[in-house]
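Student: Can you keep this structure in mind? I'll have questions shortly.
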Amino acid sequence: MKSRVLSGVQPSGNLHIGNYLGALSNWVKIQYDYESIFCIVDLHAITVYQNPDELRAKIRELAALFLACGIDPKHSKIVVQSTVQAHSELAWLLTCVTPMGWLERMTQFKAKSAAQESVGDGLFQYPVLMAADILLYQAGIVPVGEDQMQHLELARDIAQRFNSLYGDTFVMPATKLPAVGARVMGFDDPTAKMSKSAAGSGHAVALLDPPDRIRKTIMRATTDSNPAVDFETMGPGVQNLLTVYQAFAEWSNDQMQAHFAGMRYGDLKKQVAEMVVSKLEPIQQRYQEIVAEPGYLDGIIRQGAEAVTPIANSTVELVKLRMGIYTAA
Ligand code: TYM
């Protein structure tokens, strides 16, 4: 049996080039090497308040974007998390073996809870649900951006703790980061990670941004006081622009140095903007085609759930058996 790949994206905010370079483009590249499952994690999205109508629309938008980016539904499964009940069930079972101290250490929880007036318990439990997403399918490989590394370490800790308490049950999932683009920074502030929720134009390039807007965001990007690209002394803003170019172009470090060393920032930005526009154009075109086909997305989402539910249910059955809770004799 091929080993399994699993990853997920929250259907909140607008999918941006950080999500693409950190996660989706990597999924597309490796999908055929494994049995692949890609989730739209709507149960994670509601750990902070979401407008219901907007959330419903975002789930569909994200499914269409997965396809537009190149996820092949004939091979890979696209799963809306809430359509497979075992995600919630395993999350509870794992909650019972997860020490609170482990969750208190999560940096994303600290950052997100600091930004909320009232913090729901779901936000605290968030990484346990994420561990359940992965362990439910005995996934061996989880392709994500750098910001998810701590959550994945926790997933392994939970798996290990369960295995040692109840006997070998879960496969240990390995984190897979992209070689370039594991942490794309905001164009307005290159010391902060590009984020779906960060407000304000100038911060992110969304996958569905029109070309003019993409150009405007990148031309306005924060750089530094050098006049031109110097690989020895460049600041984080220039570094980030080069990273974005390199990840899209799939160039080596040598190619990057040969092409960009000494280039003035205005020209650098123009080249980055044109690279991003040219790579997003076909994705945007496919996206429009997909959403124009009524019923197509729902079919894909239904097929995804049907294909993975038996795997998920059998894991939950095994976990229940191991834990000694009621299963019919
Ligand atoms: P989410 O929705 O925040 O992000 C989706 C993916 O995009 C990556 N990413 C980035 N990569 C590079 N640069 C950035 N600025 C950047 N911002 C985001 C993320 O690392 C992620 O791979 N908790 C997850 C969703 C999740 C999940 C899972 C992932 C739920 N269950 C199981 C893997 C396996 C999240 O919030 O991703």
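The values are calculated or read from the model by the stated rules, or taken from the named source; none is laboratory data. Predicted model only: the values in this text are computed from it and were never measured. Here Cβ is always computed from backbone atoms with ideal geometry, including for glycine, and neighbour counts include all displayed protein chains. Ligands, DNA and RNA are excluded from the accessible area calculation, which covers all protein heavy atoms including side chains. Shrake-Rupley method; radii C 1.70, N 1.55, O 1.52, S 1.80 Å.
Student: Quick check: the angle from helix 236-249's long axis to the longest principal axis of the chain, C-alpha only, nearest 10 degrees?
Tutor: 70 degrees
Student: Between Ala174 and Ala192, what is the label-to-label distance in nm when each label sits 7 Å out along the Cα-to-Cβ direction?
Tutor: Placing both labels 7 Å beyond Cα along the Cβ direction yields 3.6 nm.
Student: How much length is gained on full extension from Asp267 to Tyr166, taking 0.36 nm per residue of separation minus their Cα-Cα distance?
Tutor: Stretched out fully, the Asp267 to Tyr166 stretch lengthens by 30.4 nm.
Student: Over the chain, with every protein chain in place, what whole percent of the accessible area is carbon and sulfur at 1.4 Å, could you tell me?
Tutor: 51 percent
Student: Ordering Thr315, Thr95 by accessible area with a probe of 1.4 Å, largest first, what comes out?
Tutor: If we order Thr315, Thr95 from most to least accessible, we get Thr95, Thr315.
Student: Using alpha carbon coordinates only, what is the Rg to Rh ratio of region 244-325, with Rh defined as the Kirkwood radius?
Tutor: 1.33
Student: Rank Asp224, Asp254, Asp133, Asp267 by accessible area, highest first, at a 1.4 Å probe radius?
Tutor: Accessible-area ranking of Asp224, Asp254, Asp133, Asp267, largest first: Asp254, Asp267, Asp224, Asp133.
Student: Right, something else. Along the charge dipole of region 107-263, which of Gln160, Leu207, Val171 sits closest to the positive end, that is, farthest toward it, with unit charges on the beta carbon of Lys, Arg, Asp and Glu (+1, +1, -1, -1)?
Tutor: Comparing the listed Cα positions along the dipole, Leu207 ranks first.
Student: Percent of alpha carbon pairs in region 211-289 separated by more than 15 Å?
Tutor: 55 percent
Student: Report the percentage of all Cα-Cα pairs in region 50-103 whose separation exceeds 19 Å, rounded to a whole percent.
Tutor: More than 19 Å apart: 53 percent of the Cα pairs in region 50-103.
Student: Could you work out [θ]222 nm for the chain from helices alone, using -39500 (n - 2.57) per DSSP H run of at least four and dividing by all its residues? Round to the nearest 500 deg cm²/dmol.
Tutor: Result for the chain: -16500 deg cm²/dmol, rounded to the nearest 500.
Student: Using the Kirkwood radius over Cα pairs, work out the Stokes-Einstein diffusion coefficient for region 103-249 at 25 °C and 0.890 mPa s, in µm²/s as a whole number.
Tutor: The Stokes-Einstein estimate is 138 µm²/s.
Student: If you don't mind, another one. Treating the angle as unsigned and between 0 and 90°, give the value, to the nearest 10°, between the Cα long axis of helix 121-135 and the longest Cα principal axis of the chain.
Tutor: 80 degrees
Student: With the Cα gyration tensor of region 1-99 in hand, give its eigenvalues times 5 under a square root as the equivalent ellipsoid semi-axes, listed largest first in whole angstrom.
Tutor: Gyration-tensor ellipsoid for region 1-99: 22, 20, 12 Å.
Student: So, in Å, what gap is there between the alpha-carbon centers of region 272-291 and region 188-217?
Tutor: Here the answer is 16 Å between Cα centres.
Student: OK, next. Give the accessible surface of region 57-206 per residue, rounded to a whole number of Å², with probe radius 1.4 Å and ligands, DNA and RNA excluded.
Tutor: Per residue, region 57-206 has 41 Å² of solvent-accessible surface.
Student: Continuing with the same structure: Per residue and in Å³, how big is the convex hull formed by the alpha-carbon atoms of the chain?
Tutor: 152 Å³
Student: Helix 52-69 sits at what angle to the longest principal axis of the chain, using alpha carbons and giving 0 to 90 degrees rounded to 10?
Tutor: Here the helix axis deviates by roughly 70 degrees.
Student: Hey, got the dipole for region 1-108? About the Cα centre, +1 on K and R Cβ, -1 on D and E Cβ, debye to the nearest 20?
Tutor: For this selection, approximately 240 debye.
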